[in-house]
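Have a look at the structure below before the remarks.
The values are calculated or read from the model by the stated rules, or taken from the named source; none is laboratory data. These figures come from a predicted structure and were not determined experimentally. So basically every Cβ, Gly included, is an ideal-geometry build from the backbone, and we count neighbours across all protein chains shown. Heads up: the accessible areas ignore ligands, DNA and RNA and are worked out on the full protein's heavy atoms, side chains in. Shrake-Rupley method; radii C 1.70, N 1.55, O 1.52, S 1.80 Å.
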Amino acid sequence: MAKSFIVEVASIATLAEVTAMGPSMLFADSIIPTYHQDTSGTSANALIVTTNFEPDFTVLAATDYQTLSDDSQSEVAYDQSVGKFVEGNLIFGAATKAQVQADVRDYVFYEIAGSDLGLFKGVCNSTQSQDYTPALVSANKNYMVSAAQVKVLLQNQK
């Protein structure tokens, strides 16, 4: 039950793209950063992702990704996310490195070449409150899953 694909880092920049790719990226078995030349000959940072969670490629341009392998089993479809920034939530999104460093721990940041923006995945390090709203919330290009949702989801995978 796995699908492998290559996707350009810069192609996941809007809320719709982040939401569509969120489960695949958060629950990936493997993410390998690489420098990739697409079919038009343009070079860019890319990620080779292997995941059991079905990506929603309908929001990406056909030139921004390529399926590398897909076994005969169907992948898990999962589209639940939480809207509030709460400490301990898993988070995937597009932001600047400074925004990620301020409010996310245990993160991995995948840079977009020639930009201070990139994709990231990690764990929310603070909680949004009346007095504090993380810059990542203002950017609104995030996909979050609570620890309780992760536990239930992983139990269902067994």
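List of remarks:
- Computed FRET value (nearest 0.05) for Ser40 with Val108, which takes r as the C-beta separation and R₀ as 25 Å: 0.35
- Share antiparallel - DSSP beta bridges, the chain, percent rounded to 5: 95
- Counting all C-alpha pairs of the chain, share separated by more than 27 Å (%): 21
- Using only alpha carbons, region 102-158 has a radius of gyration to Kirkwood radius ratio (Rg to Rh) of 1.04.
- For the set Leu119, Leu154, the ranking by accessible area, highest first and with no ligand, DNA or RNA atoms included, is Leu154, Leu119 under a 1.4 Å probe.
- For the chain, calculated [θ]222 nm from helices alone, where every DSSP H run of n ≥ 4 adds -39500 (n - 2.57): -6000 deg cm²/dmol
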